[in-house]
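We did not get these values from a lab; they are worked out from the coordinates using the rules stated. Bear in mind that the values here come from a model prediction, so they are computed numbers and not experimental data. For neighbour counting, all protein chains shown are included, and Cβ atoms are generated from backbone atoms with ideal geometry for every residue, glycine included.
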Amino acid sequence: PGISVSVIDNASLLASAREIYLVCVEDWKLTIAQSREGFHELETKLARIQVDNFMFDTDHRVLLSSKLNEEEFLHITLVRRLQDDEATMVLSYAAFKLLDLDISLDRKAAEKISRLLHPLHRSREDNVNEDWIAALTSKLSARYSRVSVKASHEIEKMAYTANTGRIYLEHLHIHPVRFFLTFTQQVVDGVDPVAEDFIAIQFIREMASITNAPIIFTSFIVSNAFESSQNLVGIIGTHYSSQLSNQMFSILGSLTILKVPADFLSNVGSGVKDFFYEPIQGLVHGPEEFLTGLEAGTFSLARGVVVAFVRGAADVTYLLSDNLASLTSDEAFIGERNLFQKQLMHTKSAQRTVHDTLAIAGTNVVRGFQSAASGIIAQPRVHFSKQGASGLVIGAGLGIFGALVKPVVGLGDAAVVVMNHGLEATTATSLKDNKRLRRALPNAPAASDTKTKLVCYDEMSAKIQQQVTRGETVDDVYLGHILTRHHLIIASEKYLWIIENNSIEPMCINWGEIAYFEAVRNGIKIDVFSMRGTQSHVLRMRQNELSALRELLTLKLDHSSLVGTSFTNLQGIKVNQSGHDFGSLNIPKELEELDDEESIIQSCHDRVNLLGSFMPHYFRDLDQVSWLLINSLTQLFYGLSSRRCVVAGLINATNESIQIKSTNMVEGGSPCHVIHTIEYDTSSAVLHPGGILMCVGWGAVPNSMQTGRVMISIETNSFACSLADSISHTSNVDVLTGYKVGFLEKSFDESGWWAKYWMLLQSDDSNEELDS
């Protein structure tokens, strides 16, 4: 039999909870008996224990594990003798045995455990009156300073029962205890300011990395002891705490920086011991056994020397490759390499063959050469977009440096993979695996008071969650899934995943890129924003599957705020504009003549001022003018003077006039230029029904001090929004009650130089038909 306990972190900043630890106790046995001689016997045995770590971006998958031994790792025996005097407990025999335990922690796991054991709340001292000591002293002095006053009944009772409630131990035997501690220091982003005053966390942040540090406590044996339970616990605690200070040298010898020479001495030392021990053991039994022992000892010595050299070489090679990769400053290369290393860590190394190992090593080599070739072109472009002309020079230098270093990193990673495979094959010390996959916790319905459903472990959902997190290497959260005849559809915190039955690569859609979804014949149509308008994806499914998919989509999408392309009977719009797809005209064209930026803005302003909602191609003309504006600005800001620009358009599709409170540049290098149609009152800043307002701005030239980002802020009496120049940067819309804002277009340049938005403001109780 076994017991499993899951620890769920429900205080996550994300929308869903996450299983962070799994405690597994296997093959436990509890025996309670009463003998005829008048003894009560209690015996507890636990065969194995393991604590799995499911925290994201952790260096150790298993926090605590017992060794694989034939006997139980925990054995407790208590024998109590029955007697007439119930005030004193007599234990004829008490024994406690705990076998070796491996403890592996990193900084994130250690801080999380500290927070779980000691919740961050106001200490009790904060709620206690500072003068409580003086008040208590005065009270006791006034009560017991007079001789005529007798001691209270409670004090007399304490004096009478001073020797009662004690335990008589005929034999107590606590066996030696030994732990092997590994701690890995990490660089953690986003430090919790509340935890700054927490002493345990401050100590954890200052610790150095250690590897397999032995912490050994000697046995504790007493006979015929007669003590109270509190005193006995204090004596035992003092026995072990006094030994803890003596473990400092063994911990210092296990520092990760000393790992290579320490491992070398350990492996060679074991081989030397076997070289002398095995022949001597054989000589006791006879000459033939002596020769067998001599052969075994010689082989052990040779293996120890080889393992010592290979393990040391693997550790040094990995350290050099890791430092060289950091020197390249190529975030894409470093991220891809770290992701590949995590995937190797989360795969069962014991199941890899020599062919698999060589294939992985070849992948490392190829990745190094490919990144070296692509980095010569990509690095200057990336740094130019961040730092301008100086970034171009820096990127060119890093590209050339990476072309020399990255192949070396790939060869080093390949050598480490091959050497580690040889070590695992010869020493049988493969990475410990989790007992099972992390529990998948689907989101609760919106009407529920809780945000997560605590469900029984489901292996199918856990495997699907592995797809979402890409083998626990990506920080994403599984929300739910449905399985149809033709598709597996998964909802995560960041994406909507659509996997066809006969497809290998999934289609992954960012929630912010979904424009609209609606039921069609025999399925559902999902419209997705792209660089040139919306793209439609039709999924075939049954009616019951369609209902389940709608429920899944509404976990992240508010259908009432989504806008389709069939604009029929829009309030404020005097002529039906159905059929136009905003962004479909985003086709770059070379312009023969270019004016300065002020002339471009004025030319666009003159065109838009003539437009009104009474025109049959109102939406098309607006889309065309806004794209011409972006096309002109991107060609004007070209080369070393490149700048990012944002165009944000607002359509008033209500029967009310909207007050424009402010239009500002939160980030940027230009004023926020406002362009409007004839249905906008400039004097009172009021946008009448059917009116259009366009906000245009651009950033500064990127340099080493700034990246030239752009963000436009619009505030009205119905909503407020902030729109950035890239989908990777935060944009948000806050709508007041009675209104809703949907996006007609979200278009972004692949290189991050421009962004184009069109928003539709509607009344929340409007009766317009967005789709028939």
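Cα-Cα over 27 Å: which of 342/556; 432/494; 386/525; 589/746; 453/740? It would help to have the intermediate numbers written out before the result.
Values: 342/556 29 Å; 432/494 30 Å; 386/525 38 Å; 589/746 20 Å; 453/740 30 Å.
Exceeds cut-off: 342/556; 432/494; 386/525; 453/740.
Multiplying the residue separation of residue 715 and residue 10 by 0.36 nm and removing their Cα-Cα distance gives an extension gain of 250.3 nm. Subtracting the Cα-Cα distance of residue 34 and residue 354 from their residue separation scaled by 0.36 nm leaves 109.4 nm.
Per the Debye calculation on region 591-734 with a single equal scatterer at every Cα and no solvent contribution, log₁₀ I(q)/I(0) for q = 0.10, 0.22 Å⁻¹ amounts to -0.35, -1.45. With a ≥ b ≥ c taken as the square roots of the eigenvalues of the C-alpha gyration tensor of region 608-693, please select rounded if a/c is under 1.5 and otherwise prolate if a/b is larger than b/c or oblate if it is not? Note, shape of region 608-693 comes out oblate.
Determine, from the Cβ-Cβ distance of residue 433 and residue 703 and an R0 of 51 Å, the FRET efficiency 1/(1 + (r/R0)^6), rounded to the nearest 0.05.
Values: r = 49 Å, r/R0 = 0.97.
Plugging the Cβ-Cβ distance into 1/(1 + (r/R0)^6) gives 0.55.
Subtracting the Cα-Cα distance from 0.36 nm times the residue separation, let me have the gained length for residue 764 to residue 751 in nm, one decimal. Intermediate results must be reported in sequence, preceding the final value.
On the way: separation 13, 0.36 × 13 = 4.68 nm, distance 3.64 nm.
Between residue 764 and residue 751, full extension yields 1.0 nm more.
Which order do the peptides 664-674, 593-603 come out in when sorted by mean C-beta neighbours inside 10 angstrom, highest first?
Values: 664-674: 17.5, 593-603: 13.5.
Most protected by this proxy first, the peptides run 664-674, 593-603.
Between the residues 553, 641, 586, the greatest Cα displacement towards the positive end of the dipole of region 551-704, with unit charges on the Cβ of Lys, Arg, Asp and Glu, is found for 553.
Here the convex hull built on the C-alpha positions of region 38-106 has a volume of 118 cubic angstrom per residue. Database remark: amide H of residue 719 closer than 5 angstrom to the amide H of 736 (H placed geometrically; neighbours at sequence offset of 5 or more, or on other chains; Pro and chain starts carry no H).
Among the trypsin sites (Lys or Arg not before Pro) in region 561-644, those located in a DSSP loop and surrounded by at most 10 other Cβ atoms within 10 Å of their own Cβ are 589.
Residue-wise HN-Hα couplings along region 73-81, as the Karplus relation 6.51 cos²θ - 1.76 cosθ + 1.60 with θ = phi - 60° gives them from phi, are 6, 10, 9, 10, 10, 10, 10, 10, 8 Hz; Gly and Pro carry x. Listed cross-link partners 435/463; 67/97; 29/435 are compared with a 18 Å cut-off, the Cα-Cα value being larger for 29/435. The listed peptides 483-496, 231-244, ordered by packing as a protection proxy, come out as 483-496, 231-244 (highest mean of other Cβ atoms within 10 Å first).
Dividing the Cα radius of gyration of region 448-560 by 2.2 N^0.38 Å, with N the residue count, gives 1.07. Cα centroids of region 600-664 and region 721-745: 17 Å apart. Projecting label points 7 angstrom from Cα along Cα→Cβ for residue 27 and residue 574 puts them 8.6 nm apart.
If you keep only loop residues by DSSP, which chymotrypsin sites (Phe, Trp or Tyr not before Pro) in region 623-682 have at most 13 other Cβ atoms within 10 Å of their Cβ?
Details: sites: 627, 637, 638, 680; in loops: 637, 638.
Taking region 623-682 and a limit of 13 other Cβ atoms within 10 Å, the loop chymotrypsin sites (Phe, Trp or Tyr not before Pro) found are 638.
Taking amide H positions as modeled 1.01 Å from N, with prolines and chain starts lacking one, the residues under 5 Å from residue 182 and 5 or more places away or on another chain are 103, 104, 105, 212, 213.
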